[in-house]
Amino acid sequence: MKRWVIVLTIALSAFLISPSGKTQGDDERPSWQQLSTRNPFILIEQYEQGEITDLKANHYAGVLVAGYRQDFDLAFQRLKVAQDQANQVDDAGFATALLGLKAAMLLWTERYTEIVNAQDEFSSILPANQIDAFTYWAKIRSQVRIPKTPYTLKNIAKDDSRIEVLGRLNDVETRFIFDTGADSLLMGQRMSDRINANLSSITLTSETVNKRFSTRLGTVDSIEVGIARLENFPASVLNQELDEIWNYNGEFPDAVLGIREIRKLGETVKFSVSNDRVDEISIIPEKDIAREKKLSFNLILVGQKPIIKLALGDQIYSCLFDVGAPWSYISEEIFERHKRSLNLKTLKRKERRKRFGVDISKAIDGLPVDLGDNNPFTLRFVQVRKDVNSQCFIGIDAVLQAGGATMSIKQERIEFGPPV
């Protein structure tokens, strides 16, 4: 499914970057201005190996790396040191960039009150409606009630291109799209009216991969998924209907359950495949997951979005893991870069229509990738797109081809194959 994301016009590029690819040796002495758009996996490796020697770049990279690895205590400590450095040298540009970085981290750690309390400082980089949004979120007192043991959710979707789970919004039966590529709970006007959602007057701009639209902020009294329950939780409501934006070959579900809610349900999600479709999802509470230091990481969160480390030839890319997307895709830029070295073959129009069910402009049959730890994997029938604002998505098709997947945010790992 194409995704939506609240668009913040502040300097959030470090957390809302367009995933990109670079060879390991590129730009070993970057300036700090280059870092926010750098492939995060490359940046982490260069920082941890001591390759970023410019002082300001090193400070800035240290904040980014701690944020990417979800160690926000360390990130804020490093940020304070970097801000002191900026003040000492009276570097206004560097100080403003660090302020934007601080706003990003406060947003994704849901520390809205700190922005509200310092809004005179943040008003220089935040539009008024975004300050209003932070003020609204700061007043919400959510409760998370999740079971202490693992539990499963059945996929009730009628086809194999998506995951739907049955739950309740405000005690009203609800069909949710289970979507790791969406930020948070999203619904249309009809569903909002049906459940009597609590709406504010605050409107923000949202976007899919290639569309923009408006949403109103609000809350729902409760979200129930399986035996988990979230109370007094934020929601966004479109000024139109879901099926006016996304075409899903039939009746569209009632709401989108995004990564924000999914993370509240549990830190590890296992996708089990049976009869060429995701049959069920297992949710594992955080306390049951031990951090496996012996495993290298191939998954980070950029903001809250799960980003996979993916190798094509000698280049590393960071791709959104998006089970709401029926097909994986790469950008035209990536295709042109690798078509000769990887001998990528495009499908003819008749074959594209047969495989995807719609008339898309370009697709390839067979994309050899490596997902870390020398784990080669061939993605079949990958779309090639130029009308998008990111480099690559890994969709539900990859999960189906691999026979399942396990995403563990705490372990910073994603493994494709039948869950164990």
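The values are calculated or read from the model by the stated rules, or taken from the named source; none is laboratory data. Model, not experiment: these values are computed from the prediction. Cβ atoms come from the backbone with ideal geometry, glycine included; neighbour counts cover every protein chain shown.
Any residue in region 401-420 that is farther than 13 Å from Val323 by Cβ and in contact (Cβ under 8 Å) with a residue 40 or more places away in the chain sitting within a Cβ distance under 9 Å of a residue that is assigned to a loop (DSSP other than H, G, I, E, B) and of a type in the set (Phe, Trp, Tyr)? List the pairs, counting only those 6 or more apart or interchain. Final answer for the pair search is Gln411/Phe297; Glu412/Phe297; Arg413/Phe297. Listed conditions (1) among the polar types (S, T, N, Q); (2) without any contact (Cβ under 8 Å) to a residue 40 or more places away in the chain; (3) touching a helix residue (DSSP H, G or I) at 6+ places or on another chain (Cβ under 8 Å) are all met by Asn196, apart from (3). Checking Thr96, Thr113 one by one, the residue that is within 15 Å of Trp137 (Cβ to Cβ) and either modelled with pLDDT of 95 or more or among the polar types (S, T, N, Q) (or both) is Thr113 and no other. One residue is enough: does region 340-348 have a residue meeting the conditions touching a strand residue (DSSP E or B) at 6+ places or on another chain (Cβ under 6 Å), of a type in the set (Val, Ile, Thr) and surrounded by fewer than 20 Cβ atoms within 10 Å (Cβ to Cβ)? Checked against the condition, which is being touching a strand residue (DSSP E or B) at 6+ places or on another chain (Cβ under 6 Å), of a type in the set (Val, Ile, Thr) and surrounded by fewer than 20 Cβ atoms within 10 Å (Cβ to Cβ), region 340-348 yields at least one hit. In region 366-414, the residue that is farthest from Ile334 (Cα to Cα) out of those that are touching a strand residue (DSSP E or B) at 6+ places or on another chain (Cβ under 7 Å) and modelled with pLDDT under 80 is Gly372.
Which members of region 397-420 meet the condition of being in a strand (DSSP E or B) and farther than 19 Å from Arg260 by Cα?
Taking region 397-420 first, the residues in a strand (DSSP E or B) are 404-408, 413-416.
Selection gives Gly404, Ala405, Glu415, Phe416.
Checking each residue in region 89-115 for being free of Cβ contacts under 8 Å to residues at least 12 places away in the same chain and not in a helix (DSSP H, G or I) picks out Val89, Asp90, Arg111.
Identify, please: which residue in region 142-168 is buried (at least 16 other Cβ atoms within 10 Å of the Cβ) and of a type in the set (A, V, I, L, M) and is, among those, nearest to Phe233 (Cα to Cα)? Of everything passing the filter in region 142-168, Ile146 is nearest to Phe233 (Cα to Cα). Taking the criterion of being under 25 Å from the mean Cα position of the chain (by Cα), within 19 Å of Gly395 (Cα to Cα) and of a type in the set (S, T, N, Q), the residues of region 331-375 that qualify are Ser331, Asn375. Residue count for region 116-138 under the criterion of being without any contact (Cβ under 8 Å) to a residue 12 or more places away in the chain and either of a type in the set (Gly, Ala, Ser) or in the same structural domain as Ser201 (by TED's automatic domain parsing) (or both): the result is 3.
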